[in-house]
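Contents: one structure, followed by commentary.
The values are calculated or read from the model by the stated rules, or taken from the named source; none is laboratory data. Worth saying up front: this structure is predicted, and the values here are computed from it rather than measured. Note that each Cβ is placed from the backbone with ideal geometry, even for glycine, and that neighbours are counted across all protein chains shown. Note: accessible area is taken over every heavy atom of the protein model, side chains too, but ligands, DNA and RNA are not part of it. Shrake-Rupley method; radii C 1.70, N 1.55, O 1.52, S 1.80 Å.
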Amino acid sequence: MPDHQINPDKWIDLYSDYLFNYTISRISDKEIAQDLVQDTFLAGLKSMKNFKGEASERTWLISILKRKIIDHYRKINSNKGKAEVRINYNDAESEGDWLEERVADPFDKTAEDTLQNSELGDAIHSCLGKLPQKQADVFKMKTILGHETEVICNELNITASNLWVIIHRARTALADCLKENWF
């Protein structure tokens, strides 16, 4: 064990309320929040040997919890659109229970779909041109180019909270512009 001792026997008494309140403010589901705190304690137990004492136990546990919360959102977002939808049907040609056999091919784009996508792209670029330069830059870097928040903040010399305010304002302005010019 490292020079810096940690005491998992006291984690529940010392940190469970704090970790739960931190989680519930980000998840808004009591059961999931409780599960994430429990997973955090378990992960902390498994990685006790990695605790270097460079931060307090609580800070170390919060850093584990933050990763658990991020993993939770990644998991629920990666599962969107992957839900299995079952129907029972019988017809003369085939017997089965999967809707997949009846769904249109998403790669079968019609000329109308292509035209609409092209028109939407033109409208977005036109609306981006109407934004203040900083808003347009931040929106492009985050949403279109997919840069990490930290990279954008360092490059544009802004804080993370400022970045999210700028993104919000850009999205609002783009939505208003698209309502006027595209719909």
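Tabulated values for the structure
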{"quantity": "Candidate set: segment 124-157, residues that are small (Gly, Ala, Ser) and touching a helix residue (DSSP H, G or I) at 6+ places or on another chain (Cβ under 9 Å); chosen: the one least open to solvent (accessible area, probe 1.4 Å)", "calculated": "ALA136"}
{"quantity": "Every residue from segment 158-183 that is open to solvent by 40 Å² or more (accessible area, probe 1.4 Å), within 15 Å of LEU120 (Cβ to Cβ) and assigned to a helix (DSSP H, G or I)", "calculated": "ALA175, LYS179, GLU180, ASN181"}
{"quantity": "Qualifying residues in segment 25-75 (those that are among the aromatic types (Phe, Trp, Tyr) and in contact (Cβ under 8 Å) with a residue 12 or more places away in the chain) - the one nearest to PRO8 (Cα to Cα)", "calculated": "PHE41"}
{"quantity": "Considering residues of segment 1-58 that are surrounded by 15 or more Cβ atoms within 10 Å (Cβ to Cβ) and of a type in the set (Asp, Glu) only, the residue farthest from the chain's Cα centre (by Cα)", "calculated": "GLU57"}
{"quantity": "Subset of segment 124-157 [more than 18 Å from the chain's Cα centre (by Cα) and hydroxyl-bearing (Ser, Thr, Tyr)]", "calculated": "SER126"}
{"quantity": "Counted residues, segment 121-137 - those being more than 16 Å from LYS179 (Cβ to Cβ) and outside any helix (DSSP H, G or I)", "calculated": "1"}
{"quantity": "Unmet requirement for HIS147, which otherwise passes all of (1) more than 20 Å from LEU120 (Cα to Cα); (2) part of a helix (DSSP H, G or I); (3) without any contact (Cβ under 8 Å) to a residue 12 or more places away in the chain", "calculated": "(2)"}
